[in-house]
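One structure is given below, encoded as structure tokens.
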Amino acid sequence: MDDKFLLNQLTKSFFNLFTNTNGKKPDIESIDNICLNETIIIKKDKDNEEVYTLDSFITPRIKILTDGTLIEFEEYEVNEETKIVNNIAQRFSKYQKRGYLNGNYFEGSGTKFFQYVKTAKGWKINSVIWEDENI
């Protein structure tokens, strides 16, 4: 299959991990299928950075996506630019998100950068960094 197609699918799968709209159970357990175990995830916010391992990123998200704190949540890509060089790739992604946090509706958007590596088992995400836009 075409590498760009596979990266599109992989990125879409990452965004869909956290969706819990229309009673859908988030598929966070699938993160091991799309990310390397050593994946680093960073949230940038003005002068601060929150750096996560896969486990430290997933654990609090499982809780809020399943205990009613964050409901009807979805995040999705609206624009992207991907650069593939042999067995490595990088993607600039603009995204939007919406849902109800503690009963209050919100919408947002931001930027993510993904890095990927092509392994013996196919493409995997090895890092994600994102920054939400201030609304």
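The values are calculated or read from the model by the stated rules, or taken from the named source; none is laboratory data. The structure displayed is predicted, hence computed values, not measured ones. Neighbour counts are summed over all protein chains in view; Cβ atoms, including those assigned to glycine, are modelled from backbone coordinates with ideal geometry. Side chains included, ligands, DNA and RNA excluded: accessible areas come from the protein's heavy atoms. Shrake-Rupley method; radii C 1.70, N 1.55, O 1.52, S 1.80 Å.
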Item to check | Residue in the stretch 86-95 that is most open to solvent (accessible area, probe 1.4 Å), counting only those that are in a strand (DSSP E or B) and touching a residue at least 24 places away in the same chain (Cβ under 8 Å) | outcome: I88
Next on the checklist: Out of the residues in the stretch 99-125 meeting the condition of being at pLDDT 95 or above and among the basic types (K, R), tell me which one is nearest to the chain's Cα centre (by Cα).
Outcome noted: K112
Next on the checklist: Just checking, does the stretch 117-125 include any residue being exposed (fewer than 15 other Cβ atoms within 10 Å of the Cβ), basic (K, R), in contact with a Lys or Arg (Cβ under 9 Å, 6 or more places away or on another chain) and under 17 Å from L6 (Cβ atoms)?
Outcome noted: no
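Okay, residues lined up against (1) at pLDDT below 95; (2) within 13 Å of the chain's Cα centre (by Cα); (3) open to solvent by 60 Å² or more (accessible area, probe 1.4 Å); (4) farther than 18 Å from W123 by Cα:
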| residue | (1), (2), (3), (4) |
| --- | --- |
| D2 | no, no, yes, no |
| D27 | yes, yes, yes, yes |
| I31 | yes, yes, no, no |
| K97 | no, yes, no, yes |
Checklist entry - So, in the stretch 99-111, of the ones that are in contact (Cβ under 8 Å) with a residue 24 or more places away in the chain and part of a strand (DSSP E or B), which residue ends up surrounded by the fewest Cβ atoms within 10 Å (Cβ to Cβ)? => result E107
Next on the checklist: Residue under question is K83, and the condition is that it be open to solvent by 80 Å² or more (accessible area, probe 1.4 Å), outside any helix (DSSP H, G or I) and free of Cβ contacts under 8 Å to residues at least 12 places away in the same chain; does it hold?
Outcome noted: yes
Item to check | All positions within the stretch 112-135 that are of a type in the set (G, A, S) and either outside any strand (DSSP E or B) or touching a helix residue (DSSP H, G or I) at 6+ places or on another chain (Cβ under 9 Å) (or both) | outcome: A120, G122
Next on the checklist: Can you tell me which of (1) out of contact with any Gly (no Cβ under 8 Å at 6 or more places or on another chain); (2) over 15 Å from I129 (Cα atoms); (3) in contact (Cβ under 8 Å) with a residue 24 or more places away in the chain is the one E72 doesn't meet?
Outcome noted: (1)
Next on the checklist: For the stretch 11-43, give me each residue that is within 14 Å of K112 (Cα to Cα) and assigned to a helix (DSSP H, G or I).
Outcome noted: T11, K12, F14, F15
Checklist outcome for this item: Flagged pairs (Cβ under 8 angstrom, 6 or more apart or on separate chains; first in the stretch 37-51, among the hydroxyl-bearing types (S, T, Y); second open to solvent by 70 Å² or more (accessible area, probe 1.4 Å)) are T39/T53
Next on the checklist: Going by what's in this entry, would V128 be described as closer than 21 Å to L6 by Cβ and either modelled with pLDDT of 95 or more or open to solvent by less than 70 Å² (accessible area, probe 1.4 Å) (or both)?
Outcome noted: yes
Item to check | Residues (acidic (D, E) and crowded, with 17+ Cβ neighbours inside 10 Å) located in the stretch 40-76 | outcome: E75
